[in-house]
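One structure is given below, encoded as structure tokens.
The values are calculated or read from the model by the stated rules, or taken from the named source; none is laboratory data. Note that the coordinates shown come from a computational prediction; the quantities given were computed from them, not determined experimentally. Note: areas computed on protein heavy atoms with side chains; ligands, DNA, RNA excluded. Shrake-Rupley method; radii C 1.70, N 1.55, O 1.52, S 1.80 Å.
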Amino acid sequence: QVQLVESGGGLVQAGGSLRLSCAASGSISQINVMAWYRQAPGKQRELVASITTDGSTVYADSVKGRFTISRDNAENTIYLSMNSLKSEDTAVYFCEVPTFTTDYWGQGTRVTVSS
């Protein structure tokens, strides 16, 4: 079992910044990839960014150049630094860890960008 706890969401004006955190606990030895997803109202959940243990990253085209995913392996925590936020970034952001047996998800943290 892996437990994921996100934090850092909130209300921000367009053009502003936020930093999300996701701390993993439990059976963390099986963790390689950690990722951020988001789900906007009325839309499907989509991948925002992912990072492997060795630091390889993948980003959605919509956030490239604005968002940065990073990882502290010693603390089993990932971060999502979000800059130049737009109203279309408004969503619930989820931390996700895929394993061989199942995908683990956090409870989500809401990000609201006001225009």
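Annotation: per residue accessible area for segment 63-115 equals 49 Å², rounded to a whole number [probe 1.4 Å, protein chains only]. Available extension along the chain between Leu11 and Ala23 is 2.2 nm, counting 0.36 nm per residue and deducting the alpha carbon span. For segment 66-111, the equivalent ellipsoid derived from the alpha-carbon gyration tensor has semi-axes of 22, 15, 8 Å in decreasing order. The residues Asp61, Asp89, sorted by heavy-atom accessible surface at 1.4 Å with ligands and nucleic acids left out, run Asp61, Asp89 from largest to smallest. Between segment 40-111 and segment 1-22, the alpha-carbon centres lie 9 Å apart. Note that segment 1-44, at 4 °C in a medium of 1.567 mPa s, gets a Stokes-Einstein diffusion coefficient of 100 µm²/s from its Kirkwood radius over C-alpha pairs.
Legend: residues Trp105, Trp36, sorted from most to least accessible area (1.4 Å probe; ligands, DNA and RNA excluded), read Trp105, Trp36.
Using a probe of 1.4 Å on the protein chains alone, the accessible area found for Ser7 is around 60 Å². With the convex hull drawn around the C-alpha atoms of the chain, the volume per residue stands at 94 Å³.
Counting every C-alpha pair in segment 29-87, the share spaced more than 18 angstrom apart comes to 35%. Length gained on full extension, Val58 to Trp105: 15.1 nm, using 0.36 nm per residue less the C-alpha separation. The H on the amide N of Phe67, modeled in the peptide plane, is under 5 Å from the matching H of Asn83, each at least 5 residues off or on a different chain. Expressed as a whole percent, the accessible area of segment 2-115 that falls on carbon and sulfur atoms is 48 (1.4 Å probe).
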